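What follows is a single structure, written as structure tokens, with notes after it.
The values are calculated or read from the model by the stated rules, or taken from the named source; none is laboratory data. On a predicted model such as this, the values are computed, not experimentally measured, just so you know. Here Cβ is always computed from backbone atoms with ideal geometry, including for glycine, and neighbour counts include all displayed protein chains. SASA here: full protein model, heavy atoms, side chains in, ligands and nucleic acids out. Shrake-Rupley method; radii C 1.70, N 1.55, O 1.52, S 1.80 Å.
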Amino acid sequence: MSSAAPSLPHSLTPHLCVLPSQDLKDLLKASSLPSLPRILQSFSPLSQITTRTTTLTPVTHALFGLRFSDLTEIEESCREPEEQRAERTIDWIGARIAQKSAKWLEDWDGSGAAARERDGDPNVRPPWWDELRQCVEGERVPSRVEGWNHPVAIIVAVSTLAPNPLQALAQLHSRPPDLPRWVDSANLRYTLIVHPKDSLLSNEEAGALFNAVKRQYGLHTFLLALDLSGEVQQPVSMPPSLPCLPPPRQGNVTTPDTGIADASSELENGILLSDSDIQKIAKFVREMVTTSLTPWMEKCVMEWNENFSSTRRLPSRLFSSTRRLFGSSPASPVSGQSAAGVPIARTHSLSGSTSSGPGFPQWATTFPQQRRLAEFATILGDFKLAIPVWESARRESRGGSEILPLLLSPTPATVLHVQHALSTITAPGAELTPAGQLRALMYAIRWAADEPPLALLLAHAASLSVRKWSTRRAALWYLLAANRLEKSGIKSLTVHFLRRAHQLYLQPHDKNLSPSFWEADGIEPTRIPGFDSIIPGIEYSLGRLRYTTGDVSGSVKFFLSILEASQKAGFQSTEGLDVTKAAMDKGALDDFRTAFQHLKETTGDCFSSSEFKLPITFCDYTKSRLRLAGDSIGGDACIWEAREESWRLFWRTRGNETLLKTGKAAVNEIFWVDLVLHNPLNVEINLSNLTLIVRDATDPRATTSVESVDVEVMADLALGAKETCTIPLSMRANAPGIYFITALYYEFLSLLPTREPVSTRGRRLHDTAIQRQTKVYAPDVFLKVEVEGAEQRLAVTFVDDGRLVLSHGECKELRLWLSNAGTESIDEVWLVSGPEEEFYFAADEDCGKAPSSESGFAASEAFLSNNSLQPPPPYRLQDISLQPGENTAFSIIFHAYRTGSHELCFLFAYRKQDGAPTFHSTRVSCSIEVERLVHVELRCRPSHRPESTFHVQAVISNASIQGTSIVLSQLSTISPTWLSTCSFVTEMDEVHSGQIIHASIEVDRDKTVASSPDHTQIFQFVSDRLKTVLLGSAVDKSSPPAVKLLHSHISSNPSHSFIDAQIRSLLHQSRRNATAAHITEQHPHIPPHLHPYIFPLYHPHAFDLVLGWAMPNEQRHGFILVPGPIIGASHGGLNAVIQEIEQMKVKRSMYAETLRERSSILEAIRNCEWNTEMNPVIATVQDLAVITHDFAEGPCSIPVIFTLRNFSLTRDATYTLKLSPPDRTALYAPSDPSPPAWAGRLTHSGNLGPMEHTTVKTELHVPCPDTYALEGWTLEWRLQAKTIGLEVMNLL
């Protein structure tokens, strides 16, 4: 019964050399065929070849490989020194890989092989590995170290086209191989006669020639009759041959590729052979192997085995003594054969004159018969004979360690063979030569089919990397070696390599940084994250191996530690990385569940889960919050702190009662803890019996939850991969006190009880010297719950608690509901709002009141304003007295002044009765969205009309995004100085989205302003306070002077009177917000709390426009206050203060920031509206248009009238209007207007009081028809002998 032999690597197959005649070469070339070795190589390997062992046991080879080479090329390559050839081979392989790498990567990703490799497909091999394997296995030049490349047979080939085939054969047979002396000469001589169809010899003559050759050279002869007609059109595809090293350069000329170079390109398109020729060649190759090659090799093995056995029959003692006394004796001679196939006699003796350098054994001068026996037995599949021979050769230091790992089953002894083979490549301590590197590479290629040898090669590389302190690289080699050894079942060594890799990855690297670096960035050097993606894989393998070896507790700890990598990864991930992490997390969880359940079942009552700690956390403490009953969602903490501070400042002047902060729960009242849970893993998990551990503040050492607080327990919670959710857990306290939520309790996967701390580390302490020198932190910060009695409890809500969507300027009624939820009465309630909120407490009869449709009031109104920027104080709700369980409601009119989204936040302070020692507080908020509705633009210029001073152009556009149409119900102005009238307005019943309305407003001063002193007092107030700021002194906390405001209704039917308290209050708040925002932007370095004591609400020359709108169909209305420009001539009222400050010797400061801040304050005051300057006297000329005159009657005299106006409200002006001398050097183009000729008086002078105007008449002399430019006049003015101004007027 035959046995099956495993396939050997290609480099271990028989090597056959071909010696063709010249006529055969010419025949193949003429037939467009490659060389004979290339043709024969395409038929390898052969299938189902049967050989026999020394015990005559048949061995069937599923694939029997052959290697064919040209003998002349092998002879030429052997002349090159081995070290030089090895160096060229390494460079050649590197060049090929570098040249093809780009194409490889493109095909690797495009074909999907990269994805299959990531999925763990074992059948996918990268192309660079195949290229490396082919380059190494394509080497066929004999070596001193091993005999696999030594020719097993020499095929002498001729064709019948030769003039004398017998003579050609005689010459080839008589030619000895020109190979080195150390190449084994035991080879088979085979004769091949190629008989083409177009040969001069007939088939009978060819047969006679074949018989004659057999009689002369033996039976190892074959007559190959081929067609080679050249009629084949379609080439037959053949497998490409392996790449070979090209020949070396000779001088500057490169030797052409004669076969040793990569010849795969010759067979890319196939060979031109007919089917019959292919079958004949295949028959020849099979017959040569089955009838000649393998029988000859079997005969050699039988003879050499007898010699080997006879040598081993000597007693070991005698053998050892002989070696000790006489040294190594030469091997027994090999029985040779004749040229007809009988082995040629050659003595395998050692030469003492031949040196053996590193990488070559002592028998490198001649080839030993023992190794040749082992190689032949290995090729024939006689492993029972080959293994002992290889073992014997290994013991005698004649090789064998590199082949035994391929023949033996994976055992721990295999590791020793691999280590011995690698150690013999080079001498200890010597540098690895190119030949040694190539030899190690060849071993690695051969061992690639067997995991342990390659694993040991990687482990050896790891040990060398550790010596060079390349710990990361060494850890990677150890990890790869362990993965390969695990497949072979060698668990002990696998665990060792995994532990070494784990130790190297966890070993921190020395970082040559200053200790202050870690201190400044708050980083602990021992907690620098390492290779989080590699360490979990190592720990996962160690956990599985520990579980299989019986260490279940250790495996559980490793499975838990794997989950820590997902915690560190956070939320940053990629799609490909998520798939890998999900697979690892799922595998770790499944194995943990299995191991943990097994551990509980096996330990029984002795089981304790305290030694297992879950390395990941699920609760995000920074986002978790306490939610009390009645709490609103909106409102930031800073807003409520500002409300409470506003109340304290207000009540400080009224009493000493304190305000108790909100955020306290009541006894027997349910409140919630909103826990934000995040699953850091890439798989779904479940947490069971989820609850909170609550500790009393008076018992800091308590480890169990207090009994006075009832906490909800959630039976089961499932969290998806990377899911984040908010889980509310209800709580109720039965007694007042302060409680801390210290931990979150749950059972991970319903198996592992876990307590997760719900706290953050306290702040770093720097108070003492010891604290500054060492890291000392305050106690951990826990989530705190204060529970108070339920005596004083006020619940406030908006009746309409939904999100409000209002239009800009809309007046909306909001109703609030108050309820006494405590056990005592509430008799005093205060409402605290922000300074930016605009609302009015409406009486019941004012609620829902629409704008009036008829005008029942005067066109202009006036009332007195306190002119203060002080925000409104807290408002006390009148007639409020709520007994327990009672409730009431009140309304406010809210004015939507700010566009965008914001929260309306109210703080209510209340107490039982007047005189109670403390105030309690509660909060309420409402989310409001204010949409843009109207856009107003104001432009101002001096008026040309004598009855008005300035002209204001208002451009009003409907800027609603929602396409809302509005009706303009009112257009009014507010100013301390100016009254307005409308000269023109676009009449439009309804303004649709995108439409524009133009309004022309004539502005003139109030005639009574000159007699009122309030404006002068206001300017003096601002000047004094800004001087105080510039000097750095304390600002007096007094309000600015009051001012009378003039209201002008310029629309035909105004809807509201400004005397109305509601309208007046909302206008005051709108103006206060606009002025406060403007001052904050213009003077950023002046503290905002000082603004009400420095700046008034209105500038004396301010001009505001009030636009009222309505939506009758929706019963909505509102108004918008548009702050306008400062109208009127100012004269730099702060120049004197600024000049005084600049000339004053200011105390120097050592801080540059202080000097820059003072400079910024001074520059802002210089450019503010209180220090503006304007040319007070302006001259205008009457438009003359086109004048018609009959110049036949003589020249024409045209009167020209100039109007001069003093726009100053406080100073007289002296003016001089005169004609300047003509410019003689000026050049005029023909198209320019002609210079005028003036007649009469050319200089005019006079005085103008505040806001007065006058006219000056001059005469223009026109001698002929033309276009004249009214130019050349100069206006000079003087204000109370303080300022002189010049203006050159070029009037067209």
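Some observations on this one:
- Among residues other than Ser881 with Cβ under 14 Å from its Cβ, the summed charge is -3 (Lys and Arg +1, Asp and Glu -1).
- Rounded percent of accessible protein surface that carbon and sulfur make up, region 765-823, 1.4 Å probe: 53 percent
- Set of region 875-891 residues, backbone N closer than 19 Å to the point 7 Å along the Cα-Cβ line of Asp914: 875-883
- Net lengthening on full extension, Asn689/Lys1218 (0.36 nm per residue, minus Cα-Cα): 180.5 nm
- For region 897-1014, the solvent-accessible area works out to 44 Å² per residue, with a probe of 1.4 Å and every protein chain left in place.
- Most positive-pole-ward Cα, Trp978, Ala896, Ser921, against dipole of region 884-986 from beta carbon charges: Trp978
- With the cut-off at under 13 Å, measuring from each backbone N in region 28-42 to a point 7 Å along the Cα-to-Cβ line of Asp198 picks out 28-33.
- Sequence-ordered 3J(HN,Hα) estimates for region 675-684 from the Karplus curve with 6.51, -1.76 and 1.60 and θ = phi - 60° stand at 8, 9, 9, 10, 8, x, 8, 9, 9, 6 Hz, glycine and proline given as x.
- Peptide packing: for 415-428, 141-154, the average count of neighbouring Cβ atoms within 10 Å per residue gives the ranking 141-154, 415-428, highest mean first.
- Rounded to the nearest 10 square angstrom, Ser111 shows an accessible area of 70 square angstrom against a 1.4 Å probe.
- Cut-off under 5 Å, modelled amide H: who pairs with Leu224 long-range: Ile193, Val194, His195
- The Glu80 and Leu166 beta-carbon pair, evaluated with R₀ = 25 Å, returns a calculated FRET efficiency of approximately 0.10.
- Sequentially through region 804-817, phi angles give Karplus couplings (6.51, -1.76, 1.60; θ = phi - 60°) of 8, 10, 10, 9, 4, x, 6, 9, 10, 7, 10, 10, 10, 10 Hz, Gly and Pro residues having no value and appearing as x.
- Close amide H pairs (under 5 Å, H built 1.01 Å from N) link Tyr190 with Ile154, Ile155, Val156, residues at least 5 positions away or on another chain.
- For region 1047-1176, the solvent-accessible area of protein heavy atoms averages 47 Å² per residue (probe radius 1.4 Å; ligands and nucleic acids excluded).
- Which of Arg1158, Arg484 is most accessible, then next, and so on - probe 1.4 Å: Arg1158, Arg484
- Accessible area (Å², 1.4 Å probe, nearest 10) - Leu408: 50 Å²
- What a 1.4 Å probe finds exposed on region 639-719 is 49% carbon and sulfur by accessible area, rounded to a whole percent.
- Under 20 Å from Lys1037, Cα to Cα: aspartates and glutamates that are on another chain or at least 8 residues apart: Glu645, Asp1014, Asp1024
- If you sort Glu987, Glu1259 by accessible surface, 1.4 Å probe, largest first, the order is Glu987, Glu1259.
- Spin-label model, Ala889 to Gln48: label points 7 Å out along the Cα-to-beta-carbon direction sit 10.0 nm apart.
- Karplus 3J(HN,Hα) series, Hz, for region 1259-1267 with 6.51 cos²θ - 1.76 cosθ + 1.60 (x for Gly, Pro): 10, 9, 9, 10, x, 8, x, 4, 10
- Relative contact order computed over region 1-96 (Cα-Cα under 8 Å; 6+ residues apart), in percent: 36 percent
- Heavy-atom accessible area with a 1.4 Å probe sorts Glu83, Glu684, Glu1169, largest first, into Glu684, Glu83, Glu1169.
- The accessible area of Met988, taken with all protein chains in place and a 1.4 Å probe, comes to roughly 70 Å².
- For the pair region 270-307 and region 1055-1092, the centres of their Cα atoms are 109 angstrom apart.
- For chymotrypsin sites (Phe, Trp or Tyr not before Pro), the sites in region 1115-1214 that DSSP calls loop and that have at most 11 other Cβ atoms within 10 Å are Tyr1151.
- Residue-normalised accessible area of region 1-96, expressed per residue, 1.4 Å probe, Å²: 41 Å²
- Under-5 Å amide H pairs with Leu1209, H placed in peptide plane, nonlocal only: Ala1129
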